[in-house]
Amino acid sequence: MIHFLLRRLLAAAVLFLIVLTLAFAVVALAPGDPMAPSDPRIPPEQAERLRALYGLDQPLPAQYLRWLGAVVLRWDWGQSYRTGQPVAELLFDALPPTLLLAGAALLAQYLLGIGLGLLAAFRPNSRLDLSVRVASLLVYALPTFWVGLMAILILAVGLGLAPAGGMTSAAAFELGPVAAALDVLAHLWLPALVLGLSMAGDIARYTRNSLIEFQATEAGRAARARGLSETRILLVHGLAHAAPRLLQLASVSAPLLLSGAVIAEVVFAWPGLGTATLLAIQSGDTPVVLAATAYGAVLVIAASLAADLLLTRLDPRIRVE
Amino acid sequence: MIPVVAMRLLAAAGLAAMLGWGCASDIPRDTTRLTVGMRFEYPTPNELIVQPTLGHKAITSQLLLPLMGEETDFREGPPSWKPALAETWEFSEDRLVLTVRLRPDAVWSDGEPVTADDVRFTWQAQTDPDVAWMLSYAKETITDVEAVDERTVRFHFSRASPTQLADVAPEAVLPRHAWGQRPFADWRSDPGWFFEHLVASGPFVLENRTPGRELVLGRNPDYFEADLPRVERVVLRTAADGAMLTTQLLAGELDVVTGISATDAERIEGRPDLRLHAYSNRQYTFVSWNTGRSWFTDAATRRALAMAIDRHAIVDTVWRGYARVGSSPILSDVWAHAPDLEAWPHDPEAARVALGEAGWSDSDGDGILERDGAPFRFELATFAGAAARWNALQMIQADLRAVGIDAQPRRFDPSALLPRMLGNDFDAVVSGLAIDTSLDLHPTFHSESIGGGHNYAAYANPEVDALIASFANRLDPLDGLEDLHRLQRILHDDQPMLVLWEALTLAAFNEELESVAPNALSPLANLEEWAWR
């Protein structure tokens, strides 16, 4: 197990290094000058001074080595061209909201997906089953930004069931801990639901198929022969049978959730990594774009690793080689 | 068992949050507080170490006052100034020395008086190479700032110029006793340090900050205007997408939103509880024809292009009327705008005739004009990200195609296109500029600004150069009015750039608010006077 873990960690480190190098190459080789002054009054010498300040007057290999060294040795991603803030600090502020949103979306996705899958499996090929299957495909096909906008217009602006956007109410720093947590929850449920919805269809279909498949197995038939109720068979034994596959889905959905979070964050004005990345891309803030790409890669690699490890614990049929 | 209990608790909390939010809308309005939505980033209150933006400036000026504030009377005459930290000011007879008296009642929020030393310290920071302030060029003619006594400060100039007050007045005066502890060389390494050592001289102090989300400004009890601000607290909220701010305004979560797009304005127009306010932002969008390219070498062709493009249709369609067709880079609501200047009319027939006279004809019958065997086909570039501008480009493409010109719109990342513009390495480009109150056209039209400067069109006209120099040398801008009028007429005839439209900025606010009057200088202008009725 330890060897497996070390091997995976080493592979992850190599992959991370490749992502860093590719990201740097793509950004550095793109034409342009992030320090070109857009204000006609700013003299060219000022731009030169800023180029020197950010090390952009150095040859590209020297820039790369300096940047990589700072990242690997000190986790120093440089300073934002736009705001002057240390990038690590900027993304440190943005990371928790993204993790919260992605985590809540993952929860919503599994609760909804498993719930709907169970409903469908209770009555295979019934109208309910058909409805669940059609709905699953529909939510999978709809783009997150459109679902988000509709949810805001109907549930937030129309019915007032949720705030239209943001992570907290105005001046929420004054609230006590319980009120503040409820305030965040009130802002969280709608974007999490919208983000979770797209993959919930997949979970529902896998759950349904696994449960129906379980009923046909020897274990399923034995459970029925022992006189267990259908509910118990599906909820306890069936879900245990489906768990490894559902967990595998989590490793697939983690990258999708993170990329979806970028869109959901912008639509819902959620102040996370996606919003920070979008602002950086819009303004050519290269250090932030590079760091955000790397953070995304780290999150995806970590999620995939965690899912693999959990899988080996849950399913004894999988042996760690 | 535990997961089931946890799920139930979670569901209960979610329901409570949802219901709680539903009931929150019935709570009576807190009239001591205002919530404003605008797009901003505020990594530091120190304006010398960030890229200068209108949003940053607007917020900083609530906390740190300048010596003087610019008046918004652009229509009436050259820039004029109102006192802020300065009480009075006076030039010496040769205009090489400006003596400024500070208000006696101006104090920092920690109780320390605002002194002449603070003013001198500010100038030192502005001109220090380690601070590398983007706008340090504005201080070039100031040779020294002398603290005569606690309240008197003297600015010494190398030469007299019409922009002397503008060079001295508008930047925030910085607190020497608080920020002077940090060497200039370290200022850029930690912008957040200035929050921890912030003392305010303006109407507000910074109460709280949540990066990327909101700033909370509270009333400064030490502000010299005792009755201001009229509200106890202003919460500034931001979002990456402007449309979201409009949605939050419609949902009642925000009281004021600045910088609303013309498309979003439609959602507000019908609302009786909201008021829409459109104002000039002193910005214009233009198409610059590179006169170094064979298609655009002659003024006759460029005038024909101006007549081929239906700018009224762009203003009506893309901007839904919230813009004006432009006729000059000195905008129509600025005092020096030439009143007799008429925007080129949309007249495709006249454009075709003019193009024919300029030597263009469709000799091979493919629908595209040629001259000397070369087709009238060029790249029409613009910056990526501006949806309205891109829509306008499609309309321009169709208008030009109707007279036999093949313009091919393309979008570029700003960091890629801007260097090309500065190097005059493009065919035609659609971009935007804001006019400076000094009305100095040297950076955009003087031949010295070709190649590295902002004379994108590579336009060279000795008479224009002479008029720009003549205006710059007049101490009273009003004496140069004729120069500016003549200059605009030449540019109008030569058409190195076609001013497409003068945009208006839109702000919307709750009908029950009064004194909300954002303007071209600040989306938060006179914030201290905003209040609920």
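Every read-out reported here was derived from the displayed coordinates using simple, explicitly stated rules and does not represent laboratory data. No experiment lies behind these values; they were computed from the predicted model shown. Note that each Cβ is placed from the backbone with ideal geometry, even for glycine, and that neighbours are counted across all protein chains shown.
Values computed for the structure shown
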quantity: For segment B:255-402: Kirkwood Rh in Å [reciprocal of mean 1/r, alpha carbons]; calculated: 17.7 Å
quantity: B:Arg159/B:Asp347 FRET efficiency (R0 56 Å; Cβ-Cβ; nearest 0.05); calculated: 0.75
quantity: Cα centroid of segment A:50-127 to Cα centroid of segment B:264-326, whole Å; calculated: 39 Å
quantity: Distance (nanometres) between label positions extended 7 Å along Cα→Cβ at A:Val236 and A:Met150; calculated: 4.0 nm
quantity: Peptide-level mean, for A:263-269, of C-beta atoms on other protein chains within 10 Å; calculated: 4
quantity: Chain lengthening between B:Ala466 and B:Val148 when straightened (0.36 nm per residue, less Cα-Cα); calculated: 110.5 nm
quantity: Exposure proxy order (Cβ contacts within 10 Å, fewest to most) of B:Ile49, A:Ile212; calculated: A:Ile212, B:Ile49
quantity: 0 to 90° range, to nearest 10: angle between helix B:387-402 axis and chain B longest Cα axis; calculated: 10 degrees
quantity: Expected 222 nm ellipticity per residue - DSSP helices of 4 or more, -39500 (n - 2.57), all of the protein assembly as shown, to 500; calculated: -14500 deg cm²/dmol
quantity: Listed residues A:Ile114, A:Ile154, A:Ile263, most fluctuating in chain A (Gaussian network, C-alpha, under 10 Å); calculated: A:Ile154
quantity: Space enclosed by the convex hull of the alpha-carbon atoms of segment B:384-503, per residue, Å³; calculated: 123 Å³
quantity: Rounded to 5, the percent of DSSP beta bridges in chain B classed as antiparallel; calculated: 80 percent
quantity: Peptide B:236-249 - average C-beta neighbours from other chains (10 Å radius); calculated: 6
quantity: HN-Hα J in Hz across segment B:455-461 - Karplus 6.51, -1.76, 1.60, θ = phi - 60°, x for Gly and Pro; calculated: 7, 4, 6, 6, 8, 10, 9
quantity: Separation between Cα centres of segment B:101-176 and segment B:187-253, rounded to whole Å; calculated: 25 Å
quantity: Neighbour net charge for B:Pro375 - beta-carbon separation under 14 angstrom, K R +1, D E -1; calculated: -4
quantity: Rg to Rh quotient for segment B:484-533, alpha carbon positions, Kirkwood Rh; calculated: 1.29
quantity: Stokes-Einstein D in µm²/s, Kirkwood radius over Cα pairs - segment B:189-238 at 37 °C with 0.692 mPa s viscosity; calculated: 278 µm²/s
quantity: Percentage, to the nearest whole number, of Cα pairs in chain A over 38 Å apart; calculated: 30 percent
quantity: Proxy reagent accessibility, fewest Cβ within 10 Å first, across B:Glu463, B:Glu171; calculated: B:Glu463, B:Glu171
quantity: Distance histogram in 10 Å bins (all Cα pairs of segment A:53-106, percent per bin); calculated: 21, 38, 26, 12, 2
quantity: Geometric extent, Cα atoms of the protein assembly as shown - Rg, Dmax (angstrom); calculated: 30.9, 109
quantity: Contact order normalised by residue count of chain B, Cα under 8 Å, 6+ apart, percent; calculated: 19 percent
quantity: Exposure proxy ranking, count of Cβ atoms within 10 Å, fewest first, for A:Met199, A:Met150; calculated: A:Met150, A:Met199
quantity: Largest-first principal axis extents, alpha carbons of segment A:1-57, Å; calculated: 63, 20, 16
quantity: Enclosed volume per residue, in Å³, of the convex hull spanned by Cα atoms of segment B:135-243; calculated: 192 Å³
quantity: Where trypsin sites (Lys or Arg not before Pro) fall in DSSP loop in segment A:197-229, at most 15 other Cβ within 10 Å; calculated: A:Arg226
quantity: Distant-in-sequence amide H partners of B:Glu87 (H built 1.01 Å from N, under 5 Å); calculated: B:Arg101, B:Leu102, B:Arg103
quantity: Spatial extent of segment A:228-285: Rg and Dmax, with the Cα atoms as the point set, Å; calculated: 19.1, 62
quantity: Karplus-derived 3J(HN,Hα), 6.51/-1.76/1.60, for each residue of segment A:246-253, Hz, glycine and proline x; calculated: 5, 5, 4, 4, 4, 5, 6, 7
quantity: Under-5 Å amide H pairs with B:Ala386, H placed in peptide plane, nonlocal only; calculated: none
quantity: Segment A:131-203-segment B:513-533 distance, computed between alpha-carbon centres (Å); calculated: 33 Å
quantity: Neighbour cut-off at most 10 other Cβ (10 Å), DSSP loop, chymotrypsin sites (Phe, Trp or Tyr not before Pro), segment B:446-533; calculated: none
quantity: Two-decimal Rg/Rh across segment B:458-507, once Rg and the Kirkwood Rh are taken from alpha-carbon atoms; calculated: 1.09
quantity: Label point distance in nm, B:Met395-B:Arg95, each placed 7 Å from Cα along Cα→Cβ; calculated: 4.3 nm
quantity: For the protein assembly as shown, share of DSSP beta bridges that run antiparallel, in % to the nearest 5; calculated: 80 percent
quantity: FRET efficiency, 1/(1 + (r/R0)^6) with R0 41 Å, evaluated for B:Glu269 and A:Leu310 via beta carbons; calculated: 0.15
quantity: Cα-projected label distance for B:Arg293 with B:Asp110, points at 7 Å along beta-carbon direction, nm; calculated: 5.6 nm
quantity: Efficiency of FRET between A:Met1 and A:Ala219 - r from beta-carbon atoms, R0 35 angstrom, step 0.05; calculated: 0.80
quantity: Residues with amide H under 5 Å from that of B:Leu274, placed H, sequence gap 5 or more; calculated: B:Glu511
quantity: nm² value of the averaged projected area, convex hull over the Cα atoms of chain B; calculated: 31.0 nm²
